1. Quick test of your reading of the structure: Asp165 fulfils all but one of (1) more than 24 Å from Arg244 (Cβ to Cβ); (2) more than 18 Å from the chain's Cα centre (by Cα); (3) of a type outside the set (A, V, I, L, M). Name the failing condition by number.
2. Evaluate the following for Gly219: is it over 16 Å from the mean Cα position of the chain (by Cα), within 16 Å of the ligand (Cβ to nearest atom) and either surrounded by fewer than 19 Cβ atoms within 10 Å (Cβ to Cβ) or free of Cβ contacts under 8 Å to residues at least 24 places away in the same chain (or both)?
3. Looking only at the range 194-214, which residues are crowded, with 17+ Cβ neighbours inside 10 Å and within 16 Å of the ligand (Cβ to nearest atom)?
4. When you go through (1) open to solvent by 100 Å² or more (accessible area, probe 1.4 Å); (2) free of Cβ contacts under 8 Å to residues at least 12 places away in the same chain; (3) not in a helix (DSSP H, G or I) one by one for Glu32, which number turns out not to apply?
5. Where residues in the range 78-96 are of a type in the set (D, E, K, R) and modelled with pLDDT of 80 or more, which of them is least open to solvent (accessible area, probe 1.4 Å)?
6. Consider Gln127 carefully, then state whether it is in contact with a Gly (Cβ under 9 Å, 6 or more places away or on another chain) and either touching a residue at least 24 places away in the same chain (Cβ under 8 Å) or open to solvent by 90 Å² or more (accessible area, probe 1.4 Å) (or both).
7. Please go through the range 222-244 and give me each residue that is assigned to a strand (DSSP E or B) and within 16 Å of the ligand (Cβ to nearest atom), ordered by number.
8. Give me a count of the residues in the range 161-214 that are in a loop (DSSP other than H, G, I, E, B) and touching a residue at least 40 places away in the same chain (Cβ under 8 Å).
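The values are calculated or read from the model by the stated rules, or taken from the named source; none is laboratory data. What you see is a predicted model; the values in this text were computed from it and never measured. Cβ placement follows ideal geometry from the backbone for every residue including glycine, while neighbour counts extend to all protein chains displayed. Just so you know, the surface numbers come from the protein's heavy atoms only, side chains and all, with ligands and any DNA or RNA stripped out. Shrake-Rupley method; radii C 1.70, N 1.55, O 1.52, S 1.80 Å.
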Amino acid sequence: MLPQKAPACNYSSRRKLYHAKKGWLMLWWMPESVSTYGGDMDALFSLIFTIVSVAFVLTYGAIIYALCRYRRSRQPRARYLPATRLRQYGWILGLALIVLVFDIAIDHHGASIWAQMKTTMPPANVQVRVAAKQFKWEVVYPGPDGVFETGDDAQTDGELHVPVDQVVHVTLTSKDVIHSFFVPAFRLKQDAMPGRSIPLWFQATKAGEYPWPCAELCGFGHTGMQGKVVVHTAADYAAWQQKR
Ligand SMILES: [Cu+2]
């Protein structure tokens, strides 16, 4: 049976549509987002991608224009401008101000997503412990009593089994070097540090199997450190719990 500690967050179809519209630019090369905060992350990614793309085109356009306009055959000697007048150094200050405004816009937009993911964890429906080690993930489940370090704890290696539409809390550690817990479909990445227990959470919105690679170079077997997150429907999760 699934422990019912708290009601899961409601991820409505209206919210899904909102995120789909916000992330219009997206991100066709990324896997489908299947976590409650994945749409917000994609919207932030789209905002940053749009800003840096426009900046890239303008910057390189200006460079190419200058290369052509002031080529050697038209202006063989460069002039030195010390930028002592407002009209001259205004160009530098103006551009710096534009960069600052965009920086603040990104920080403002990102702050609420950071708070959602990192500082305000919703109450857990399911809790697991994940330990990274060279070169696999070890997942410990508390068992039917809901308490860790008792006789009914269960362990899976390289697979994390969770129910759909439920808040999952993960306590992340490392047994050796720095690894990184990365589930691209959840838009979730967190370093695992030896000597530290780091809390993270997610709520999957669609049943399925999702790649779970290590995203931090951790030794010669790093590229083989591939797990999967198995998101079950409620009935499948109950059946899996019975079976394990
Ligand atoms: Cu690794």
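1. Result: Asp165 passes all but (1).
2. yes
3. Trp212, Pro213, Cys214 - these are the residues of the range 194-214 that are crowded, with 17+ Cβ neighbours inside 10 Å and within 16 Å of the ligand (Cβ to nearest atom).
4. That leaves (2) as the condition not met.
5. For the range 78-96, the residue satisfying everything is Arg85.
6. Yes.
7. Gln226, Gly227, Lys228
8. Total meeting the criteria: 11.
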